[in-house]
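Read through the structure below, which is laid out as C-alpha cells, and then see the notes.
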Protein chains: 2
Amino acid sequence: MSTDPPGFELPLRLFMGFRVLIDELHAELARQGHPDLRPMHGFVLQAIGTRGTTAAELGRHLGVSKQAAGKTLDALEHLGYVERGTDPNDARRKIVRLTQRGVDSLVRSARIFEDLRSGWADTLGEDRLRALESDLRRVTPTDFFRLDVPGWFGGYQ
Amino acid sequence: MSTDPPGFELPLRLFMGFRVLIDELHAELARQGHPDLRPMHGFVLQAIGTRGTTAAELGRHLGVSKQAAGKTLDALEHLGYVERGTDPNDARRKIVRLTQRGVDSLVRSARIFEDLRSGWADTLGEDRLRALESDLRRVTPTDFFRLDVPGWFGGYQ
DNA sequence: CTATATAGACAACCACGTTGTCGATCATAG
DNA sequence: CTATGATCGACAACGTGGTTGTCTATATAG
C-alpha cells in the first residue's frame, strides 16, 4: 500500500482550490465590467442581499465589528455598489441596499461560479465533484462565512 | 436526478475546510506551548526550513516584497522563533535560521496535521479522503503558497 | 576600475481590523 | 411622562500587514 500524503498538504490544497476559484471569478468579473471588486467585496455584497441591511447587522452576520463593516460599506458605496437610505421606522438605522450595479455583480458572479464548477466537473467528473462537495460538507460547520480573514490570518489574535 | 449545489458553495466549503484545519492546529499549538503563533507564521517557518534563508529570498518564494518578508521575520525573531546570522560568503546577506523553538513548533505542527488528517479519515473514510486530496491536486497548481493573503483578500489589487 | 545588480534598512503610505467614546434615538420600567 | 438602558452610526487612536520608493553597502560582470 502507498503511504498517505503528508498532513500539511490537505489544508494547502483546500486553500489553493479556494484561491484558484476566487481568482478566476475576479479575473472574469474584471472582464465583464467589474475590475474594482476585491474578493471580500463579493462576500459582503452576498451578505447584504436584495433585502438590504445595516452596518451593525452586517458586522454581526460576518463576525466583525460594526466599525469594520461600516468601513467596508463606505468603500463599496464609493465604488457604486451600495447606497444608503434611512429607515422610516427607526431614525438610528441607515439601511444599506445594493445598487443596480451591485445586483449586476452578484448575478454575474453566480453565473461565473456555475461555469467554474462546470469546469471542475469536466476535469473530475460530476460524481467525484459531488462527492468532494459532500465530504467537505461533513467536515465543515454549517454556518456562514467569517469576514475577518486578513486579521485572522495575519494579525491580532 | 438531484440538482447540483449552487456554484458558490464550492469555494466556501474549500475555505471553511482550510480554516477549520488551521484553527484546530493553532488551538492545539497554543495548548502545547505556542500560543503566539499566527496562521501566517506557520507558512513562513515552513518556508524557512532547516536550511535557513534571507528576507529577499523568502519574499520571492512567498510572493511578497522583501520589505514585507523582513517585517514578518522581525516579528518572528522577536517571538524567539528565528535568529539572524551573517553569511561568511556575502556580507550583504543576513541568514535567517530557525531557533530550537522554531524547530519545535514545526515538529509539533507536522504531528498535529497528521492527527487532524486522521480525524478526517475517520469521518470520511481513508479512501474518500485520498480521493479528495487527489482531486484537489488535479485542479490546483503544483507550486507552493502565496503569503499575501491579507492583501489579496481585502486590499490593493 | 567602473557599471550594474542585489541585500537590507528606513520612511511614507494605504487597507483592514481592533477598542473606546460619544450623541442621537428607541424601548421599557417606574 | 420620565428616567434608564440598549443600540445605531460616527469619529478617533492604534496595531498589523502589505505596498512603493530611496538609500548605503557589497558583489559581480565587463
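We did not get these values from a lab; they are worked out from the coordinates using the rules stated. All values derive from a computational prediction rather than experimental measurement. Note that we place each Cβ from the backbone using ideal geometry, even for glycine, and neighbour counts take in every protein chain shown.
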Across segment A:33-77, the tally of residues that are of a type in the set (Gly, Ala, Ser), within 11 Å of chain B (Cβ to nearest Cβ) and surrounded by fewer than 21 Cβ atoms within 10 Å (Cβ to Cβ) stands at 2
Taking segment A:43-100 as the region of interest, how many residues are within 11 Å of DNA strand D (Cβ to nearest atom), more than 20 Å from residue A:152 (Cβ to Cβ) and not in a helix (DSSP H, G or I)?
14
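Tell me, yes or no, whether segment A:24-43 has at least one residue that is within 12 Å of the chain's Cα centre (by Cα) and farther than 28 Å from residue A:119 by Cβ.
No, that holds for no residue.
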For residue B:30, all conditions in the list (1) within 9 Å of another protein chain (Cβ to nearest Cβ); (2) within 19 Å of residue B:80 (Cβ to Cβ) hold save one; what is the number of the exception?
(1)
Residue A:103 vs. criteria in contact (Cβ under 8 Å) with a residue 40 or more places away in the chain, of a type outside the set (D, E, K, R) and part of a helix (DSSP H, G or I)
yes
Filter segment B:133-149 for residues that are within 20 Å of residue B:24 (Cα to Cα) and more than 16 Å from the chain's Cα centre (by Cα) and give the result.
B:133
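Rundown of residues vs (1) within 13 Å of DNA strand C (Cβ to nearest atom); (2) touching a Lys or Arg at 6+ places or on another chain (Cβ under 6 Å); (3) under 23 Å from residue A:15 (Cα atoms), yes/no style:
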site: B:25; (1), (2), (3): no, no, yes
site: B:47; (1), (2), (3): no, no, yes
site: B:64; (1), (2), (3): yes, no, yes
site: B:68; (1), (2), (3): yes, no, yes
site: B:71; (1), (2), (3): yes, no, no
site: B:93; (1), (2), (3): yes, no, no
site: B:98; (1), (2), (3): no, no, no
site: B:106; (1), (2), (3): no, no, yes
